[in-house]
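What follows is a single structure, written as structure tokens, with notes after it.
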Amino acid sequence: MSKIDVGTAVIGGGVVGLSCAYSIAQRGGSVILMESHERLGEETSTHNSGVIHAGIYYQKDSLKARLCVAGRKALTQRLKDWKIPHRIGGKLIVASDTSEIPALENLLQAGHGNGVSDLRLIDRGAMRKIEPNIAGVAALHSPSTGVMDTGEYIRVLEARAIEMDAIISANSHVAGIDIESDSIVLHTVERGDIRVRTLVNAAGLWSDVVANLCGFSEHVIHPCRGEYATVIARKAHLVHNLVYPVPAQYSLGVHLTKTVDGELWLGPTAKFIVDKRDYESNRRPPEEFFEEARRLCPTLRVEDLRMGPSGVRPKRVGPDQPAADFLITRQPGNRRIIHLIGIESPGLTASPAIGELVCDLIAEGI
């Protein structure tokens, strides 16, 4: 088959890979996006609740903190300009009793350190004015948190990238990679060989597999499934926006999210799994969400809960290990290969800033 010569190939058509391709094309670079599925964003990008994070939880000066704060500003502007359904309604992180208030104070300081300037601690009375049906003694209020229609955003971002001459190649599975002195050759069954100067590995759950094809085998993705329960429609009015508990060990905790479509979701959980494609086996039944739901919203009843969707996070670390930052790095010994590994939450929010960072790395590596 004939070879296609392009400046940069991005492997992975989720929101992060697509953001990289969009930014490269916007800067005038030639780029091809390789996605193994028929449509973009079929995995982690659309298997979540579409939360726009403010940047509260992450260690100061980490990539997660920096890129989330910068990405939120760019993302919310795009959502407005492109008329993508979204709602910046704010979030409460709730202390269920006084023992959790120090954790809220720590989150307040962390958020301020990351540049999230609009956070404030509020008492029970102020909390009930925002979310009348939520129980707790105090809360951290984040007005700039919101939700969005991720699927619509991906569709518009793809169209905008194509308008700027980005090549979007779906149904293109990269089965092999040859690294030559002045180029990189991607071998696909569906599209033949593609020769590029620069490679961006944004393959999400499969970023460790792509890294291995490049000879970079230091990192392993640990898939972690998050499951949701949904609340029946006639009880969806009980929560107006987003309500979180104090964060759990592997996630931000099972929380209540009013989606952009007006549905009320409870979740996600955090369960490490073996198969990256396993969205459904041994699912947690809805009634097992009830105690966590009732702690936040006592008005809910067990019969109000139904089985919801699920998603899989691409974590860099396994069970019982401290949370890891994003890894965005050039391959040792080859400045023309850039790996994005462990891009979990807040990857959606951070994605515009990740795209810009990758463009900077490409420019520095030429």
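The table below lists the values:
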| quantity | calculated |
| --- | --- |
| Restricting the stretch 29-50 to residues that are out of contact with any Pro (no Cβ under 8 Å at 6 or more places or on another chain) and of a type in the set (Val, Ile, Thr), the residue that is surrounded by the most Cβ atoms within 10 Å (Cβ to Cβ) | Val31 |
| Given (1) at pLDDT 95 or above; (2) surrounded by 19 or more Cβ atoms within 10 Å (Cβ to Cβ); (3) over 19 Å from the mean Cα position of the chain (by Cα), index of the condition Val246 fails | (1) |
| Single unsatisfied condition, Gln109 versus (1) loosely packed, with under 14 Cβ neighbours inside 10 Å; (2) touching a residue at least 60 places away in the same chain (Cβ under 8 Å); (3) not charged (D, E, K, R) | (2) |
| Residue count, the stretch 298-316 (criterion: part of a loop (DSSP other than H, G, I, E, B) and either among the hydrophobic types (A, V, I, L, M, F, W, C) or within 20 Å of the chain's Cα centre (by Cα) (or both)) | 2 |
| Residue check for Val220: in contact with an Asp or Glu (Cβ under 9 Å, 6 or more places away or on another chain) and surrounded by 18 or more Cβ atoms within 10 Å (Cβ to Cβ) | no |
| Search result, residues across the stretch 201-216 that are of a type in the set (Gly, Ala, Ser) and in a loop (DSSP other than H, G, I, E, B) | Ala202, Ala203, Gly215 |
| Residue tally, condition farther than 20 Å from Lys60 by Cα, in contact with a strand residue (DSSP E or B) (Cβ under 8 Å, 6 or more places away or on another chain) and either at pLDDT below 95 or assigned to a loop (DSSP other than H, G, I, E, B) (or both), over the stretch 317-333 | 2 |
| Qualifying positions in the stretch 66-117 - more than 30 Å from Glu291 (Cβ to Cβ) and outside any helix (DSSP H, G or I) | Trp82, Lys83, Ile84, Pro85, His86, Ile88, Asn114, Gly115, Val116, Ser117 |
| From Thr257, Thr269, Thr198, residue being within 30 Å of Pro298 (Cβ to Cβ), at pLDDT 95 or above, touching a strand residue (DSSP E or B) at 6+ places or on another chain (Cβ under 6 Å) and surrounded by 15 or more Cβ atoms within 10 Å (Cβ to Cβ) | Thr257 |
| Within the stretch 239-297, considering residues that are among the hydrophobic types (A, V, I, L, M, F, W, C) and in a helix (DSSP H, G or I), the one nearest to Glu131 (Cα to Cα) | Leu296 |
| Residue within the stretch 287-303 that is more than 20 Å from Leu264 (Cα to Cα), small (Gly, Ala, Ser) and not assigned by TED's automatic domain parsing to the domain that holds Asp182 present | no |
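The values are calculated or read from the model by the stated rules, or taken from the named source; none is laboratory data. What you are looking at is a predicted structure, and each value in this text was computed from that prediction instead of being measured. Every residue, glycine among them, receives a Cβ derived from its backbone with ideal geometry; neighbour counts consider all protein chains shown.
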